[in-house]
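**Q** Below is the structure I would like to discuss, written out as structure tokens.
The values are calculated or read from the model by the stated rules, or taken from the named source; none is laboratory data. None of these values were measured; they are calculated from a predicted model. With ideal geometry, Cβ positions are generated from the backbone for all residues, glycine too; neighbour counts draw on all protein chains shown.
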Amino acid sequence: MTAENKKRIAIIGGGPSGLFMYKRLVESGKNNFEVEIFERKAQLGSGMPYSSEGANNEHITNVSGNEIPDIVIPMSEWVHNAPVELLERFKIDPQKFNDYKVFPRLFFGEYLDAQFKMLIEAGSKAGINSEVHFESAVADIKYDVKSDTIELETEEGQIKVFDSVVICTGHNWPRTHEGKIPGYYDAPYPPQKLVQKFNHAIAVKGSSLTAIDAIRTIARHNGSFESDKDGNLLFNLYPESSEFKIMMHSRSGMLPAVRFHLEDSRLSNDSLLSSDEIEEHRKNNNGFLSLDFVFEKNFKEIFRDRDYNFYERIKDLSIEDFVEEMMKLRERLDPFQLLRAEYVEAEKSIKRQESVYWKEMLGVLSFAMNHPAKYLSAEDMQRLQKVLMPLISIVIAFVPQKSCEELLALHHAGVLDLISVGSDSTVEPQLNGGIVYHFSDDNDKKHSVYYQTFIDCIGQPHLEYNDFPFKTLLSQKAISPARLKFKSNQAGHAAFIQNQDIVQKDEAGAYFMNVSGIAINDNFQVIDQYGAYNKNLYIMAVPYIGGLNPDYSGLDFCEAASLQIIRNLLPD
């Protein structure tokens with residue numbers, strides 16, 4: 001086949017999403033295409049979380065080697081050939097490498113980079129022409145209707161034309177006040193900016209893994225960790241940081257759960273609903289996927305054979321009742337007391353290699369619900385967002401043991417506290433620096449507290465339609481805002497009266513709720529404003545599709561989404 005009639009494919013972003021997309025191309029058994037990869041940085045594979053943009057040496061993964069989807073060679077094998085200076089830098093002994101333990105994120109980034117290079121070599125042997133453009137950001141994308149091609153423009157002004165494009169741009173934290181308001185950080189990334197002395201109390205918004213990243217960095221530069229004779233971790237403040245304190249502000253008033261042993265290291269399960277079963281259910285439910293049906297089949301039913309006592313406990317509970325039941329203990333206990341108890345439970349789970357099964361299955365439920373979530377009614381999406389996702393986000397964060405030990409040591413030293421702030425809390429930036437945190441406590445007493453330093457740690461935000469970075473596609477109406485239809489016109493009308501910015505009515509009188517990001521179909525192809533999908537333009541950049549894909553399960557998502565795309569991109 002000549003180069004003239006080979007299909008031209010571009011992958012925008014060479015992080016984990018781009019890695020899995022390229023892997024699918026190499027393993028397709030075909031070579032009737034050529035690939036160009038546009039990577040903003042000078043390294044492949046690592047993306048934001050596993051590069052210096054998202055991690056320092058102290059940051060660790062919340063997955064172990066055995067939980068990583070297959071790439072080229074497993075980490076336990078690669079570690080024996082890793083560069084000596086890399087092993088020394090992270091104090092890793094290949095002979096003692098444990099596939100069931102977490103590891104430094106920057107080390108993992110080097111592993112992913114090595115895997116990408118191996119794939120490019122494999123692609124070359126298979127006759128696939130691949131070109132990588134390092135330090136090359138794509139500034140704009142244009143769809144040419146006449147030629148049915150896609151035009152990319154790089155920040156350097158170079159124009160390139162492709163038959164198919166897959167957008168894999170990964171994480172993005174927009175800046176609002178950082179750089180304008182002294183002491184205000186829109187995100188803790190890149191974490192190098194937090195490597196400084198703070199001799200005052202710091203406000204951290206959120207209690208997620210993102211918040212734990214920030215805490216691990218700032219703690220290290222204002223004190224030191226050391227173990228006592230019994231092996232307990234202690235924290236001591238430096239004299240020059242005697243007033244240093246971290247105040248976490250959490251809407252739930254809770255810390256995320258601790259990482260335990262996963263029985264099935266991948267977020268897939270043979271017991272889950274098949275696409276045919278989902279299709280059959282939708283046919284009998286006016287095209288909607290019922291959240292209650294998914295909860296029944298992809299969660300409750302699985303326990304009938306696996307943990308009958310737990311099944312008996314939950315079989316008659318609605319989603320709302322189940323969440324209330326699971327949250328009861330968390331709400332009753334002091335968050336650090338609960339963290340210590342879960343740490344002990346997780347230690348036993350890992351030592352015995354026994355899962356905390358209901359927590360594992362909650363992760364599976366979230367992952368399984370992600371792809372068909374676009375078929376939920378607006379009412380069910382509201383329930384998912386308000387009721388189920390807050391529990392899921394706490395339970396499946398999987399805080400690594402080491403991070404847990406540091407949080408407990410900081411709390412024990414009187415340096416770390418958590419404040420429950422409720423959903424009406426606001427952060428008011430101060431022109432001269434810092435913020436005032438306005439919130440009501442558990443007794444509904446109102447507070448306004450000034451902090452010299454504020455770090456927003458709510459995690460990757462789901463970005464809105466207007467945040468989409470490739471503006472020509474917006475002006476061409478080649479993409480459209482994501483939205484979900486109300487099943488009940490009565491519920492839709494009530495929501496419309498309440499908030500016409502979010503809920504809209506079409507010409508036929510049906511009501512729709514706007515959700516974040518852009519509309520896509522099952523193959524991750526973008527949908528234009530006339531309801532047609534673009535057969536050449538795919539997106540697996542989570543921040544821009546979060547409205548219809550509410551769960552973000554890292555590498556598992558990359559593996560699943562890339563498989564869906566390749567089946568469509570290269571049929572047969």
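Here's the yes/no breakdown for (1) closer than 30 Å to Val399 by Cβ; (2) not assigned by TED's automatic domain parsing to the domain that holds Val449:
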{"site": "Ile150", "(1), (2)": "no, yes"}
{"site": "Ile159", "(1), (2)": "no, yes"}
{"site": "Ser164", "(1), (2)": "no, yes"}
{"site": "Glu178", "(1), (2)": "yes, yes"}
{"site": "Pro188", "(1), (2)": "yes, no"}
{"site": "Ser207", "(1), (2)": "yes, no"}
{"site": "Lys229", "(1), (2)": "yes, no"}
{"site": "Phe244", "(1), (2)": "yes, no"}
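**Q** Take Glu464 and decide whether it is closer than 23 Å to Leu376 by Cβ, surrounded by 13 or more Cβ atoms within 10 Å (Cβ to Cβ) and either outside the structural domain of Glu345 (by TED's automatic domain parsing) or not hydroxyl-bearing (Ser, Thr, Tyr) (or both).
**A** Values: closer than 23 Å to Leu376 by Cβ: yes; surrounded by 13 or more Cβ atoms within 10 Å (Cβ to Cβ): yes; either outside the structural domain of Glu345 (by TED's automatic domain parsing) or not hydroxyl-bearing (Ser, Thr, Tyr) (or both): yes.
Answer is yes for this residue.
**Q** Kindly indicate whether Ile60 is within 27 Å of Thr217 (Cα to Cα), touching a strand residue (DSSP E or B) at 6+ places or on another chain (Cβ under 7 Å) and either buried (at least 18 other Cβ atoms within 10 Å of the Cβ) or free of Cβ contacts under 8 Å to residues at least 12 places away in the same chain (or both).
**A** Numbers: within 27 Å of Thr217 (Cα to Cα): yes; touching a strand residue (DSSP E or B) at 6+ places or on another chain (Cβ under 7 Å): yes; either buried (at least 18 other Cβ atoms within 10 Å of the Cβ) or free of Cβ contacts under 8 Å to residues at least 12 places away in the same chain (or both): yes.
So Ile60 fits the description; yes.
**Q** Tell me which residues, restricted to the range 414-455, are of a type in the set (Asp, Glu) and either outside the structural domain of Ile246 (by TED's automatic domain parsing) or touching a helix residue (DSSP H, G or I) at 6+ places or on another chain (Cβ under 8 Å) (or both).
**A** Asp417
**Q** Still on this model: Hey, among Gly492, Gly546, which residue is in contact (Cβ under 8 Å) with a residue 12 or more places away in the chain, at negative phi and part of a helix (DSSP H, G or I)?
**A** Gly492
**Q** Can you confirm whether Leu339 is among the hydrophobic types (A, V, I, L, M, F, W, C), crowded, with 21+ Cβ neighbours inside 10 Å, touching a Leu at 6+ places or on another chain (Cβ under 8 Å) and under 24 Å from Phe557 (Cα atoms)?
**A** Working: among the hydrophobic types (A, V, I, L, M, F, W, C): yes; crowded, with 21+ Cβ neighbours inside 10 Å: yes; touching a Leu at 6+ places or on another chain (Cβ under 8 Å): yes; under 24 Å from Phe557 (Cα atoms): no.
Considered against the rule, which asks whether it is among the hydrophobic types (A, V, I, L, M, F, W, C), crowded, with 21+ Cβ neighbours inside 10 Å, touching a Leu at 6+ places or on another chain (Cβ under 8 Å) and under 24 Å from Phe557 (Cα atoms), Leu339 comes out as no.
**Q** For the range 105-115, indicate whether the set of residues that are in a strand (DSSP E or B) and crowded, with 19+ Cβ neighbours inside 10 Å is non-empty.
**A** Restricting attention to the range 105-115, the residues satisfying the condition of being in a strand (DSSP E or B) are none.
There is no residue in the range 105-115 that is in a strand (DSSP E or B) and crowded, with 19+ Cβ neighbours inside 10 Å.
**Q** Which condition from (1) within 23 Å of Tyr22 (Cα to Cα); (2) assigned to a helix (DSSP H, G or I) is the one that Glu85 breaks?
**A** Of the numbered conditions (1) within 23 Å of Tyr22 (Cα to Cα); (2) assigned to a helix (DSSP H, G or I), the odd one out for Glu85 is (1).
**Q** Out of curiosity, is Tyr544 crowded, with 19+ Cβ neighbours inside 10 Å and either at pLDDT 95 or above or aromatic (Phe, Trp, Tyr) (or both)?
**A** Yes, satisfied.
**Q** Shifting gears a bit: Filter the range 48-73 down to the residues that are in contact with a Leu (Cβ under 8 Å, 6 or more places away or on another chain) and not hydroxyl-bearing (Ser, Thr, Tyr) and list them by number.
**A** Here is the first cut: in the range 48-73, the ones in contact with a Leu (Cβ under 8 Å, 6 or more places away or on another chain) are 50-52, 55-57, 59, 62-63, 67-69, 71-72.
Listed by number, the residues that qualify are Ala55, Asn56, Asn57, His59, Asn62, Val63, Glu67, Ile68, Pro69, Ile71, Val72.
**Q** Do you know which residues across the range 63-93 are polar (S, T, N, Q) and crowded, with 19+ Cβ neighbours inside 10 Å?
**A** Of everything in the range 63-93, just one residue is polar (S, T, N, Q) and crowded, with 19+ Cβ neighbours inside 10 Å, namely Ser64.
**Q** Of the conditions (1) assigned to a loop (DSSP other than H, G, I, E, B); (2) more than 29 Å from Glu354 (Cα to Cα), Asp70 satisfies every one except a single condition; which number is it?
**A** (2)
**Q** Within the range 303-321, take every residue that is basic (Lys, Arg) and in a helix (DSSP H, G or I) and give me the one that is modelled with the lowest pLDDT.
**A** Among them, the one singled out is Arg306.
**Q** Can you tell me which residues in the range 457-480 are out of contact with any Ser or Thr (no Cβ under 9 Å at 6 or more places or on another chain) and either closer than 22 Å to Gln196 by Cβ or assigned to a loop (DSSP other than H, G, I, E, B) (or both)?
**A** Answer for the range 457-480, where residues must be out of contact with any Ser or Thr (no Cβ under 9 Å at 6 or more places or on another chain) and either closer than 22 Å to Gln196 by Cβ or assigned to a loop (DSSP other than H, G, I, E, B) (or both): Phe468, Phe470, Gln476, Lys477, Ile479, Ser480.
**Q** Next up: Would you confirm whether any residue within the range 156-173 is surrounded by fewer than 16 Cβ atoms within 10 Å (Cβ to Cβ) and either over 27 Å from Phe468 (Cβ atoms) or within 24 Å of the chain's Cα centre (by Cα) (or both)?
**A** Among the residues of the range 156-173, not one is surrounded by fewer than 16 Cβ atoms within 10 Å (Cβ to Cβ) and either over 27 Å from Phe468 (Cβ atoms) or within 24 Å of the chain's Cα centre (by Cα) (or both), which makes the answer no.
**Q** Assuming Ala55 fulfils every condition listed in (1) small (Gly, Ala, Ser); (2) surrounded by 19 or more Cβ atoms within 10 Å (Cβ to Cβ); (3) within 23 Å of Gln564 (Cα to Cα) apart from one, which condition is it?
**A** Condition (3) is where Ala55 drops out.
**Q** Let me ask you something else. Scan the range 363-384 for residues that are of a type outside the set (A, V, I, L, M) and touching a Pro at 6+ places or on another chain (Cβ under 7 Å) and report the count.
**A** Number satisfying all stated conditions: 1.
**Q** Looking only at the range 501-525, count every residue that is out of contact with any Phe, Trp or Tyr (no Cβ under 7 Å at 6 or more places or on another chain) and either β-branched (Val, Ile, Thr) or loosely packed, with under 15 Cβ neighbours inside 10 Å (or both) and tell me the total.
**A** 9
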